[in-house]
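The values are calculated or read from the model by the stated rules, or taken from the named source; none is laboratory data. Being a predicted model, the structure only gives us computed values, none of them experimental. No Cβ is skipped: glycine too gets one built from the backbone with ideal geometry, and neighbour counts run over all protein chains shown.
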Amino acid sequence: MGDFSSLGLSDWLINQCKQLGINKPTPVQENCMPPILEGRDCMGCAKTGSGKTAAFVLPVLQKLSEEPYGIFCLVLTPTRELAYQIAEQFRVLGKPLGLRDCIIVGGMDMVTQAMELSNQPHVVVATPGRLADHIRSSNTFSMSRIQFLILDEADRLLEQGCTDFTKDLEVILGILPAKRQTLLFSATLTDTLQELKSIAMNKPFFWESKSETRTVEELDQRYILTPETVKDAYLVHLIQKFTDEHDDWSIIIFTNTCKNCQVLTMMLREFNFPTISLHSMMKQKQRFANLAKFKASVYKILIATDVAARGLDIPTVQVVINQNTPGLPKIYIHRVGRTARAGRNGVSITLVTQYDIHLVHAIEEQTQTKLKEYPVQEKEVLKILTQVNVTRRECEIKLESTDFDEKKEINKRKQLILEGKDPELEAKRKAELEKIRNQKKKFKQRIQEDIERQKFGQKKKNFMKHQQMKKKKKAVQEKA
Ligand SMILES: Nc1ncnc2c1ncn2[C@@H]1O[C@H](COP(=O)(O)OP(=O)(O)OP(=O)(O)O)[C@@H](O)[C@H]1O
Ligand SMILES: [Mg+2]
């Protein structure tokens, strides 16, 4: 393995790396930095925790130091927390340059952001939605001279998931110069390669870490097969065990919904575990505050939805628990990648019900790793089962008495307004669709009933025929 100077970085930048304990380049850095410094577009696919961020931050800072101006570089990323983390890396490594960065994410004051944008920061780190809003609503800044466009978690930015970034990306790409360097990074690039190539148009240099598995070797991947109703008891048992045995370990628990996040947090707090949550229904400031407290180990347990699945780099995280089995192997790869980073060890435990076994098979096939069963003393789990389930039910009732669902409804309406849709009209459309769906269902049911009736009629006919034949036969036999 070479060192940073042989890759073309200046001494001040190498010194800056050393201060952060970054002494030798990781493979993704060693392989992607030279082509980036040569001016090529680049697509880098390397495992979670392998230093992809520095692989693009360092060359950008190198180039920026040669010709500093703003706005020099735009980084797009799917989540707000990740935007802050990336901006921090730029700020720390670029300190000797007096780097000015600007973070443009949803949930924060737009006027302040607009002012910051107009001050020509060197680097803008943004989530696509909010940046597109700024582009649509003001002309106080220009990105027509940017040198670098970087898409971190590039595959997520291009996929049409529950948060669809594609329209916002179009708006953003519309104001960027065609002559620029485009850098795309993720631990899971491969299934969006075609779409990515259309963004990085200048024959991008493609690098993928060669490895049989898609998760890191230092990660001990486990599962526990459990009925749905015993999941929480396993969870409490596992956390009790880990916190008893290792008081310096931090744990992330991933679950599928914001509501579940909230209920589980309340429940674990009832058991006196230092728990905090992170999900998209929380106010943004609260999200940042909670993550900061978790990072500082004030709280050792974070319950999160998939907003925390990608990119977050928290070295103290020793365990990732999947309270639900992720529906897509890709999500699994990113979730469990929150531990065992930068060569450290880590454990992941996925709670699997009998209905999720096929999901585990898909995960095993994609990651090319076999998940091993996590040994648990079931007697211990059964001992706490009733208490845990009663506590959960109490927490659910408590949550229902707050306005959690109502807030969810309000948030949905806000989102619709932001998307330029009329909530009333949308509600009507939804009701209309539901009506059509119900009609279709009824129609199907009627056809099914008709078929059944016909079948029954046919059976009856056959039966009668059979009976008549029997009678005739009997009569013939009697005559004879
Ligand atoms: N060359 C290096 N030597 C040692 N540590 C490094 C090096 N490069 C980066 N790191 C550290 O490794 C950790 C993980 O890096 P980073 O967050 O960039 O991973 P990633 O590849 O982007 O992972 P993910 O796919 O989860 O986003 C960080 O704490 C970073 O400071
Ligand atoms: Mg990353």
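Looking at the structure I just gave you, is D168 within 25 Å of the chain's Cα centre (by Cα), within 16 Å of ligand 1 (Cβ to nearest atom) and assigned by TED's automatic domain parsing to the domain that holds Q85?
Spelling it out, it is not the case that D168 is within 25 Å of the chain's Cα centre (by Cα), within 16 Å of ligand 1 (Cβ to nearest atom) and assigned by TED's automatic domain parsing to the domain that holds Q85.
Give the residues of the range 185-203 that are within 16 Å of ligand 1 (Cβ to nearest atom), modelled with pLDDT under 95 and of a type outside the set (V, I, T), sorted by residue number.
L189, D191, L196 - these are the residues of the range 185-203 that are within 16 Å of ligand 1 (Cβ to nearest atom), modelled with pLDDT under 95 and of a type outside the set (V, I, T).
Can you list the helices (runs of 4 or more DSSP H) lying wholly within the range 251-341 that have 1 or more residues being within 16 Å of ligand 1 (Cβ to nearest atom)?
Once the helices (runs of 4 or more DSSP H) in the range 251-341 are filtered for at least 1 residues that are within 16 Å of ligand 1 (Cβ to nearest atom), what remains is 284-295, 329-336.
Name every residue in the range 129-185 that is farther than 22 Å from M110 by Cβ, surrounded by fewer than 22 Cβ atoms within 10 Å (Cβ to Cβ) and among the charged types (D, E, K, R), in order of residue number.
R145, E159, K179, R180
Between a residue in the range 119-142 that is among the charged types (D, E, K, R) and any residue that is assigned to a loop (DSSP other than H, G, I, E, B), which pairs come within a Cβ distance under 6 Å, given they are 6 or more apart or on different chains?
Once the first residue is among the charged types (D, E, K, R) and sits in the range 119-142, its partners that are assigned to a loop (DSSP other than H, G, I, E, B) give R130/V105; R130/G106.
Among the numbered conditions (1) within 16 Å of ligand 1 (Cβ to nearest atom); (2) of a type in the set (A, V, I, L, M); (3) touching a residue at least 40 places away in the same chain (Cβ under 8 Å), tell me where A87 comes up short.
Looking at each condition in turn, A87 falls short on (3).
May I ask you to list pairs of residues, at least six apart or on different chains, whose Cβ atoms are under 8 Å apart, with the first in the range 299-311 being within 22 Å of A342 (Cα to Cα) and the second being of a type in the set (D, E)?
V307/E81; A308/E81; R310/E153; G311/D152; G311/E153
Does the range 126-133 contain any residue that is more than 16 Å from ligand 1 (Cβ to nearest atom), assigned by TED's automatic domain parsing to the domain that holds Q85 and over 30 Å from I331 (Cα atoms)?
No, the conditions are met nowhere in the range 126-133.
Pick from L76, L13, L58: which is touching a residue at least 12 places away in the same chain (Cβ under 8 Å) and more than 21 Å from D313 (Cα to Cα)?
L13
Identify all residues within the range 36-65 that are closer than 18 Å to T192 by Cβ, near ligand 1 (Cβ under 7 Å from one of its atoms) and among the hydrophobic types (A, V, I, L, M, F, W, C); write none if there are none.
A46
Looking at (1) part of a helix (DSSP H, G or I); (2) closer than 30 Å to G129 by Cβ, find the lone condition where K421 falls short.
Among (1) part of a helix (DSSP H, G or I); (2) closer than 30 Å to G129 by Cβ, K421 violates only (1).
Would you please name the residue that is nearest to ligand 2 (Cβ to nearest atom), looking only at residues in the range 311-345 that are crowded, with 20+ Cβ neighbours inside 10 Å and at positive phi?
Among those that are crowded, with 20+ Cβ neighbours inside 10 Å and at positive phi, it is G311.
Got at least one residue in the range 28-42 being part of a strand (DSSP E or B), assigned by TED's automatic domain parsing to the domain that holds P96 and in contact (Cβ under 8 Å) with a residue 24 or more places away in the chain?
Yes - at least one qualifying residue is present in the range 28-42.
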